[in-house]
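**Student:** Got a structure for you, written out below as structure tokens; questions coming shortly.
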């Protein structure tokens, strides 16, 4: 078996030339297809504009995300959940409590974190609120909050690895679950699965977005923190190669 | 020729560059980075193509797809890295090479 260092990314000359040509061909084909597109097309702008009044929010992107195409967003939150579940499965654990913590930070970093982390929570909350009328919403807010979680962990604080298993799982699933609750309620009333009453649409969207923000933040932080190279006993004994 | 086309074409070129890297490079981490480069091209395409249907606002549907796509790409990358680490733990190498001799 060759050692990992020996195998470099050296290419065999003829096949690499061929592959390069093939990829250039694909690029040209895609560009040709793009140029064929008509400049003005009947997209979904008109349709979204007509229904903005019933969406409960004032920003079209938020309206699409959380109302018109909420099903899509729901499943994307599900994809995030599956990514973190997959990672935990491969590592054979159900939470991050056994992960080794970073060493305690020097005073300057600690001071910076004390300054930055509350700011990040604040910015995240503002982004969430801003989704109603401007660019912003659950995904942006969640990523900022998740970055805050990673920052905390880098500075030696427990961050998401400090949550107990039950709390960790609750926070991971609360975003997906809030969509599920709305869908379940609607199915009970035999309505369309993610249909909000117009009068309460804004409130429902804000609640779902807040839950999704928490889930996205915990997911992103858990994915990054869970990937840290922590050598544990079960990592040291590789499975039998077949 | 309209303005959005410049961005869309750039996006497609980035996509093809990433695709080339994905096929040619053998290290798993490089492949993961290439998939991210490809995703970058697709994102640039989506955000520029939203300008085609400009009324009071650009088409919100591609924008929404992009928004969720970025976060999903981030988590899928993290999952891919977890897989790559598992492959390295089990096999001791991080390259996908063609097997010349039977192992």
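Coordinate-derived values only; no laboratory data. Only a predicted model underlies this, so the values are computations on that prediction, with no experimental measurement involved. Positions of Cβ are generated from backbone atoms using ideal geometry, with glycine treated the same way; all protein chains shown enter the neighbour counts.
**Student:** Over the whole of B:52-58, what's the average partner chain Cβ count within 10 Å per residue? Rounded to a whole number, please.
**Tutor:** 6
**Student:** Within segment B:24-54, find all residues whose amide N lies under 19 Å from a label point positioned 7 Å from the Cα of residue A:35 along Cα-to-beta-carbon.
**Tutor:** B:45, B:49
**Student:** Viscosity 0.890 mPa s, temperature 25 °C: give me the Stokes-Einstein translational D for segment A:60-229 in µm²/s, with Rh taken as the Kirkwood radius over C-alpha pairs.
**Tutor:** The Stokes-Einstein estimate is 145 µm²/s.
**Student:** Over all directions, average the projected area of the Cα convex hull of the protein assembly as shown and note it in nm². Before the final figure, lay out each step's value.
**Tutor:** Values: hull surface 88.7 nm².
Over all viewing directions, the protein assembly as shown projects a mean Cα-hull area of 22.2 nm².
**Student:** Compute a Gaussian network model of chain A, connecting alpha carbons closer than 10 Å, and tell me which residue from A:33, A:217, A:192 fluctuates the most.
**Tutor:** Per the Cα network of chain A with a 10 Å cutoff, A:33 tops the list.
**Student:** For Cα pairs less than 8 Å apart in space and 6+ apart in sequence, what is the mean separation divided by the residue count of segment A:60-229, i.e. the relative contact order in percent?
**Tutor:** Numbers: 212 pairs, mean separation 55.9, N = 170.
After rounding, I find 33 percent.
**Student:** What ranking do A:48, A:135 get, fewest neighbouring Cβ atoms within 10 angstrom at the top? Write out the running numbers ahead of the final one.
**Tutor:** On the way: A:48 25, A:135 13.
Arranged by neighbour count, lowest to highest, A:48, A:135 become A:135, A:48.
**Student:** Moving on. Would you mind computing, in nm to one decimal, how far apart the modelled labels at residue A:195 and residue B:57 are, each placed 7 Å from Cα along Cα→Cβ?
**Tutor:** If labels sit at residue A:195 and residue B:57, their model points lie 2.4 nm apart.
**Student:** Here is a further query. If you stretched the chain out fully between residue A:85 and residue A:122, how much longer would it get, using 0.36 nm times the residue separation minus the C-alpha to C-alpha distance? Mind dumping the intermediate values first?
**Tutor:** On the way: separation 37, 0.36 × 37 = 13.32 nm, distance 2.86 nm.
Net length gain for the segment: 10.5 nm.
**Student:** Can you sort A:66, A:180 from fewest to most other Cβ atoms within 10 Å of each residue's own Cβ? Show your work: numbers first, answer last.
**Tutor:** Working: A:66 30, A:180 13.
The order, fewest Cβ neighbours first, is A:180, A:66.
**Student:** Give me the compactness ratio for segment B:3-91, meaning the Cα radius of gyration over 2.2 N^0.38 Å.
**Tutor:** On the way: Rg = 15.6 Å, N = 89, 2.2 N^0.38 = 12.1 Å.
Ratio of Rg to 2.2 N^0.38 Å for segment B:3-91: 1.29.
**Student:** When you look at the Cβ of every residue in A:80-86, what mean number of other chain Cβ atoms sits within 10 Å? Could the numbers behind the result be given before it?
**Tutor:** On the way: counts 8, 1, 3, 9, 4, 1, 7.
Mean shielding count: 5.
**Student:** Among A:16, A:124, A:164, A:190, rank each residue by its count of other Cβ atoms within 10 Å, from fewest to most, as a rough exposure measure.
**Tutor:** In order of increasing Cβ crowding within 10 Å: A:190, A:164, A:16, A:124.
**Student:** Can I ask one more? Given 0.36 nm per residue, what is the gain on full extension from residue A:133 to residue A:75 after removing their alpha carbon distance, in nm? Don't skip to the answer; put the middle values down first.
**Tutor:** Working: separation 58, 0.36 × 58 = 20.88 nm, distance 2.39 nm.
Stretched out fully, the residue A:133 to residue A:75 stretch lengthens by 18.5 nm.
**Student:** Averaged over A:217-227, how many beta carbons belonging to a partner chain fall within 10 Å of each residue's beta carbon?
**Tutor:** Details: counts 0, 0, 4, 4, 0, 2, 8, 4, 0, 3, 7.
Partner Cβ neighbours, averaged per residue: 3.
**Student:** Show that you can apply the helix-only estimate: for the protein assembly as shown, add -39,500 (n - 2.57) for every DSSP H stretch of four or more residues, divide by all residues, and state [θ] at 222 nm to the nearest 500. Can you show the working numbers first?
**Tutor:** Values: 12 runs with 232 residues, N = 345.
Helices in the protein assembly as shown give a 222 nm mean residue ellipticity of -23000 deg cm²/dmol.
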